[in-house]
Amino acid sequence: MTPYLQASAVEVSFGGLRALNDCSFTIQQGHITCLVGPNGAGKTTIFNVITGFLKPNSGSVTFKGQPLDGWKPQAIVAAGIARTFQNLRLFVDLTAVDNVLASLPGQTGEEPLAAIFRPFHVAAAQRRRREEALAILDRVGLSARSGDFVRNLSYGEQKLLIIARVLATGAELLLLDEPASGLSSGALEDVMALLRSLRNDGKTLLVVEHNTRVVQKIADDVLFLHQGHLMAQGSPETIVNDPALAEIYFGGAI
Amino acid sequence: MRHLLRPAIGLLAIMLTVTTARAETIRFGAILPLTGPGAMIGTQQMRGIQFAVEKINAAGGVRGNKIEIVFEDNQAKPDQSILSFNKLADLQHLPMIFTAYSGPSLAMAPLATRKKVLLINAGAQADKLATASPYLVNTLPTIGDEIKILSKYLISEGKKQGTILFENDAAGIAGRDDFVKLFPAAGGTILSQEPAQFGQTDYRPALLKLADAKPDVMLVSITAGLLQLAQQYKQLGMTYTVAGTTFFAEPATIADPSSEGFIHTQVRIDAPPELAAEFKAKYGVEMEFFTRQYYNAMQIVVAVTDRLLAEGKPLTGETMHDMLFTIGKFQGLIPLEFKSNTASVPLDINVMKGGKDVTIKQMSSD
Amino acid sequence: MDFWFSYIALASIYVLLGLSTNLLVGIAGIFSVSQAAVFGVGAYIVAFFLMNDITSFLPAMAIAAVCCIALNILVTLPALRVSGDYFVVTSFGIQLLATAVFTNWTDGTGGANGLPGIPPPDLAGKALEESWQVVLLCLGGMALGCLIFWLVMRAPFGRLLRAIREDELAVAATGKSVLRAKVSAAALAGAFAGTAGGLYATFLSFIDPSSFDLDASILLLTMVVVGGARTLAGSIIGPFLLLALPQILTLVDIPTTIAAAARQLIYGVLLIAFMLFRPQGLAGEKL
Amino acid sequence: MLALQLLCNGIVTGCALGVVAVSFSFVYATTKIFHVAHAGVYTLGGYVAWSMLGHGFPTAVAVLTAIAAATALGALIQGLLYARLERRKATHLVVLIASLGTLAVIQNILAAVYTADILRFNLPWGAEVFRVAGNVRLTMTQLLTVVVSLVAYGGVMWFSNGTILGKQIRAVASNPFLAEITRLQPRRVHIYVMAIASALVCLPGILVPMDFGLQPYNGITPLLTATIAMIAGGVGSITGAFVLAIVITELQNMSLLFIPGEWSIGVTFFIFVIFMLFRPTGLFAAAR
């Protein structure tokens, strides 16, 4: 059986710095896989490589058996992989629902000709797509705030919105960069519940997470990255309870 | 649409005129480049008009009426000129407007015909100005007229191998085109030509390249930066003759030793020394060629106005136009005659010698 | 032709240019200072077709629009490759290059002397000789431009452009092609500029390179900044206000010797003041 | 002969523009501000010097006053305008437009005070002609321009590499955030940078008009050439900016041998646009 997503011997270096060093792993469909490791381990870099924002010096990534070498980000999204950013990168001057709408694929009126020559058709299509976007907002529990500008949302709400936005792309594999960091415990529970329900709906999740408690609660599988290399892979219990890894994670990080 | 707009526009126009106009004041317009790269010459022209008006008003005005000029800045651009023209013609109903620069004058010419507003140009010399509109009157000959005389003179002096340094704008190119046509017609040969950008005063590369063709004479067709050109010519040790048109009449250039031997045609327009001194005392600068031209043009306008008032005729573009040709001959700073829209004026061949501009031959532009 | 007529006609033309600049600078974030060059190409093309009696007005306008679409895509291509400030210099260079072509390609453009005697526009075989007809035509052009701008900006395309201006990377991450959107914006801006050029040439009946130089590009930028970036209202207010400003100022009593410089000075002060205290312009959004 | 004289003239003009490029690059590399108003500072210097000479002050006093005025203007622009905009987190576009506005203000104040006429420096010694290398003729002003420019270039190199302030400036340029936490106070450093760059640009601002005359609207062309030189040379490289300024001026001058002069500016920018498309990081960037 072909692995769902496989990274093989990926190397990335910036100047003299090796961000990823012979990094190989696979993740399974329908799982929540957590990517852990100390700062600078290369977690965000692997996201950049998978989503086409960064070309690896060598090595490759395959998705459902198909190599993604040299693909543009939009082609990778179309293939079914979408990501979030650690610093969110929401469109703060747009409303919540517009943020979601901006991510819905294949809209009529997305190029000027249709917008000019078929205005009524475009408007009708927009009404339908808006319903769709509202449904996605409802899915993450933000339907009450759909018309609000992003800059007026709380941090927790913004974190939910970024998930709504990545859902809107229709991707089946979601790469989430620290979706739970900096949240209050209440909001944390909401996010974790959401992630689990996404998995139950058939999405596959690759999540960068620092909080071991969160990892233990949501992860089906854990990848431990250190100095750009995969140190260990296993269930949350085995990884969290490995004293050698804990030493690297807590001792080495400081 | 028209029914709605007309009253509103009329009302506004009345409001605006009431606030600014005085009953006994005769108002004319002037559309000149007062900002941007053309501002240097535009300012000289404006001063000429201002100086003349101040003197006339100090002497009691024209038959007791004070003269006032409404200045408009067109930045030497045709679109600004159109806006300004329409403002002066429609909003302020001025019968006569001074203009300068070929591009703007040519752009306004059709409007002047349509609205019967007299345009007086005392600065631009493009050949097309001669026939652009019956309402466009030029008080100085076109460049073509000057180049024709200059070419003949140069050939008669045995200078048959020519090069051209021209400013890359309407006025400079007009001079080049005329020389390319008229110099060979008079028996000469054009060896090469080089442009200079308007406002750009580094002429060395062009001077050097032209010198390489080993000419007898270089025609210079530029409107600004002549002094810099003369100095660079001298510094580079050039020996060919430098020839030009009326644009050469810059006191600072003439006074500078580097311009020794420059030949040019000169629309004769001398200011009496006392007048020039008075001007200098007032404005702190020399009374330059364009200042004198517009001073002179203002005298023509005053003569026309005076005669119209004396005959009790209304002061409109049409009456002024007709009266100008009825009078025909004027004596301002120079004798000047309108046989066509372009005045016949005395034209001299001058040589710069020992800091002075010396006339060596007197002719007329026709 | 009444003063107000020519004011309205010119302002309408500049609104089209304002929309073009706004699309490119305000919305797509491509800081172009060469829009006047594209404007000029449109003007020269229409002038060429009408003066040589090759086509009537509308086909000439269509040809100009198509050429300017292609041209604008070409001149904004560097923006897709080099970053902000570098593109400004590239754009300056393109503007100067265009001015050099307008001035020196005498056979095509009449050179620095310009092209006088461009025939008036015609519709359905009838020449629009009356000035109010031309004004109505310009107003019509402006209205059409505004309608298109409005339609486009309320469609998903508009939202996509706004998103791109905020965060290109995030847009790429949602699977949209930033390149395609920017090229589309450039194309639309080119069509606006080309049409404006055609109207300008037929309205003034005379064009020369001085109307399409760097100063014109900077004036356009000032219009968008003062009016307000990224909104329809801003694109309309800016041109109408800035074209009226010199006329209003002449009614104020300033010594004529410095009036002209003072006017330009006020443009400068306006630019600084708006950037310091109201970067969104009179009716726009934050730049 | 023609080629040699063209070459020498190119070096003179190129050196002057080189200093403009170096000073602009200094500002741009440190503050990331596309300081178009630098052209205004350049122009102001010349006018101040001209004014002082006109009032009978000795040349040295005139030049020093001009430098002081330019320095003050530069610091003021940074302190009153750019710093404020930065505090408001203004985008690049906003700062650039404000800078364009500042340029318009400076130019038009000068035009209002001094008129738009070409003003001439009345320094007879400046026009004295020297024969160099065979039959190449250069004026005193031109020779002085080369010497002063080279000294200025050397000075900047020494300042940037050999002094503490220069090193601090480079630190701020390479990483303003890091500089902030190490208490280098980027804001103050930015004012220093603007002041120094303004003093520098004042030198060609006086020397070039001594040769070609003063005009209020004439600062933009040298600045444009200078920015091209900076970018083509690689942002942050002092030598790159200086050398490329000379190369570009030479290209402009020498192209006269092969093509009509009206296209020489066009050709320069055409080369630049091509450059931008294929090597946008600049020639000297790799050497850094």
Revision key, fill the gap. Selection from region D:233-263 of residues within 10 Å of chain B (Cβ to nearest Cβ), out of contact with any Asp or Glu (no Cβ under 6 Å at 6 or more places or on another chain) and without any contact (Cβ under 8 Å) to a residue 40 or more places away in the chain yields D:Ser255, D:Pro260, D:Glu262, D:Trp263
Practice item. Answer yes or no: is there a residue in region A:133-143 that is of a type outside the set (A, V, I, L, M) and within 14 Å of chain C (Cβ to nearest Cβ). Key: no
Review point. Within region C:33-60, can you find the residues that are farther than 14 Å from C:Phe212 by Cα and part of a loop (DSSP other than H, G, I, E, B)?
Key: C:Asn52, C:Asp53, C:Ile54, C:Thr55, C:Ser56
Exercise for review: Would you check which residues across region D:244-268 are closer than 23 Å to D:Val41 by Cβ and surrounded by fewer than 23 Cβ atoms within 10 Å (Cβ to Cβ) and list them?
Suggested key: D:Ile246
Check your understanding: So which pairs qualify, if the first residue must be in region C:1-20 and assigned to a helix (DSSP H, G or I) and surrounded by fewer than 21 Cβ atoms within 10 Å (Cβ to Cβ), the second must be modelled with pLDDT of 95 or more and of a type in the set (Gly, Ala, Ser), the Cβ gap must be under 8 Å, and the two must be at least 6 apart or on different chains?
Key -> none
Check your understanding: Restricting attention to region D:82-99, which residues are at the interface with another protein chain (Cβ under 7 Å from one of its Cβ atoms) and not in a helix (DSSP H, G or I)?
Key -> D:Ala90, D:Thr91
Check your understanding: Of all residues in region C:227-242, which are buried (at least 24 other Cβ atoms within 10 Å of the Cβ) and touching a Phe, Trp or Tyr at 6+ places or on another chain (Cβ under 6 Å)?
Key -> C:Pro239
Practice item. Of the conditions (1) in contact with a Pro (Cβ under 9 Å, 6 or more places away or on another chain); (2) under 21 Å from A:Leu194 (Cβ atoms); (3) not in a helix (DSSP H, G or I), A:Gly141 clears all except one; give me its number. Key: (1)
Check your understanding: In this structure, does C:Leu96 turn out to be away from chain A (no Cβ under 14 Å) and assigned to a helix (DSSP H, G or I)?
Key -> yes
Check your understanding: What are the residues in region B:59-86 that are more than 7 Å from every other protein chain (Cβ to nearest Cβ), in a loop (DSSP other than H, G, I, E, B), in contact with a strand residue (DSSP E or B) (Cβ under 9 Å, 6 or more places away or on another chain) and within 12 Å of B:Leu32 (Cα to Cα), if any?
Key -> B:Asn74
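Answer yes if at least one residue in region C:125-141 is away from chain A (no Cβ under 11 Å), touching a residue at least 24 places away in the same chain (Cβ under 8 Å), on the phi > 0 side of the Ramachandran plot and not hydroxyl-bearing (Ser, Thr, Tyr), and no otherwise.
Going through region C:125-141, the residues away from chain A (no Cβ under 11 Å) turn out to be C:125-141.
Still in the list and also touching a residue at least 24 places away in the same chain (Cβ under 8 Å): C:125, C:131-132, C:134-135, C:137-139, C:141.
So of that shortlist, the ones also on the phi > 0 side of the Ramachandran plot come out as C:125.
Of the ones still in play, those that are also not hydroxyl-bearing (Ser, Thr, Tyr) are C:125.
So far as region C:125-141 goes, yes, one or more of its residues are away from chain A (no Cβ under 11 Å), touching a residue at least 24 places away in the same chain (Cβ under 8 Å), on the phi > 0 side of the Ramachandran plot and not hydroxyl-bearing (Ser, Thr, Tyr).
Before we move on, is C:Thr195 modelled with pLDDT of 90 or more, touching a Gly at 6+ places or on another chain (Cβ under 8 Å) and hydroxyl-bearing (Ser, Thr, Tyr)? Let's see the steps before the verdict.
Working: modelled with pLDDT of 90 or more: yes; touching a Gly at 6+ places or on another chain (Cβ under 8 Å): yes; hydroxyl-bearing (Ser, Thr, Tyr): yes.
Yes, satisfied.
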Point to revise | Count of residues meeting criterion [surrounded by fewer than 24 Cβ atoms within 10 Å (Cβ to Cβ) and in a loop (DSSP other than H, G, I, E, B)] in region D:24-48 | key: 2
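Check whether at least one residue in region A:97-112 is among the acidic types (Asp, Glu) and closer than 23 Å to A:Asp177 by Cβ, and report yes or no.
First, pick out the residues of region A:97-112 that are among the acidic types (Asp, Glu): A:98, A:110-111.
Within this subset, residues satisfying the condition of being closer than 23 Å to A:Asp177 by Cβ are A:98.
Yes.
Can you tell me how many residues within region D:1-39 are touching a strand residue (DSSP E or B) at 6+ places or on another chain (Cβ under 6 Å) and either within 14 Å of chain C (Cβ to nearest Cβ) or not aliphatic (A, V, I, L, M) (or both)?
Here is the first cut: in region D:1-39, the residues touching a strand residue (DSSP E or B) at 6+ places or on another chain (Cβ under 6 Å) are D:4-5, D:8.
Then drop every residue that is not either within 14 Å of chain C (Cβ to nearest Cβ) or not aliphatic (A, V, I, L, M) (or both), which leaves D:5, D:8.
Qualifying residue count for the region: 2.
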Check your understanding: Is it true that some residue in region B:41-58 is at positive phi, within 12 Å of chain C (Cβ to nearest Cβ) and surrounded by fewer than 24 Cβ atoms within 10 Å (Cβ to Cβ)?
Key -> no
Check your understanding: How many residues, within region B:93-129, are facing chain C (nearest Cβ under 9 Å) and in a loop (DSSP other than H, G, I, E, B)?
Key -> 1
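Every residue, every condition in (1) over 20 Å from A:Ala133 (Cβ atoms); (2) in contact with a helix residue (DSSP H, G or I) (Cβ under 6 Å, 6 or more places away or on another chain); (3) within 14 Å of another protein chain (Cβ to nearest Cβ), yes or no:
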residue: A:Ile163; (1), (2), (3): no, no, yes
residue: A:Leu173; (1), (2), (3): yes, no, yes
residue: A:Ser181; (1), (2), (3): yes, no, no
residue: A:Ala187; (1), (2), (3): yes, yes, no
Review point. Which helices (runs of 4 or more DSSP H) sit wholly inside region B:211-307 and have at least 3 residues that are within 14 Å of chain D (Cβ to nearest Cβ) and surrounded by 18 or more Cβ atoms within 10 Å (Cβ to Cβ)?
Key: B:226-235
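Yes/no per residue for (1) at the interface with another protein chain (Cβ under 7 Å from one of its Cβ atoms); (2) in contact with a Leu (Cβ under 7 Å, 6 or more places away or on another chain); (3) among the aromatic types (Phe, Trp, Tyr); (4) not in a loop (DSSP other than H, G, I, E, B):
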residue: C:Arg165; (1), (2), (3), (4): no, no, no, yes
residue: C:Gly175; (1), (2), (3), (4): yes, no, no, no
residue: C:Lys182; (1), (2), (3), (4): no, yes, no, yes
residue: C:Ala186; (1), (2), (3), (4): no, yes, no, yes
residue: C:Phe192; (1), (2), (3), (4): no, yes, yes, yes
residue: C:Gly197; (1), (2), (3), (4): no, no, no, yes
residue: C:Phe203; (1), (2), (3), (4): no, no, yes, yes
residue: C:Ile218; (1), (2), (3), (4): yes, yes, no, yes
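Every residue, every condition in (1) surrounded by fewer than 24 Cβ atoms within 10 Å (Cβ to Cβ); (2) of a type in the set (Val, Ile, Thr); (3) out of contact with any His (no Cβ under 9 Å at 6 or more places or on another chain), yes or no:
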| site | (1), (2), (3) |
| --- | --- |
| B:Ala89 | no, no, yes |
| B:Ala100 | no, no, yes |
| B:Ala112 | no, no, yes |
| B:Leu118 | no, no, no |
| B:Gln125 | no, no, yes |
| B:Ala132 | no, no, yes |
| B:Lys148 | yes, no, yes |
| B:Ser151 | no, no, yes |
| B:Ser156 | yes, no, yes |
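If you go through region A:64-83 one residue at a time, how many are more than 9 Å from chain C (Cβ to nearest Cβ) and out of contact with any helix residue (DSSP H, G or I) (no Cβ under 7 Å at 6 or more places or on another chain)? Steps first, please.
If we filter region A:64-83 for residues that are more than 9 Å from chain C (Cβ to nearest Cβ), which is where we start, we get A:64-71, A:79-81.
If we keep only those that are out of contact with any helix residue (DSSP H, G or I) (no Cβ under 7 Å at 6 or more places or on another chain) too, we end up with A:64-67, A:69-71, A:79-80.
Residues flagged as more than 9 Å from chain C (Cβ to nearest Cβ) and out of contact with any helix residue (DSSP H, G or I) (no Cβ under 7 Å at 6 or more places or on another chain) within region A:64-83 amount to 9.
The values are calculated or read from the model by the stated rules, or taken from the named source; none is laboratory data. Small disclaimer: the values here were computed from a predicted structure and weren't measured. So basically every Cβ, Gly included, is an ideal-geometry build from the backbone, and we count neighbours across all protein chains shown.
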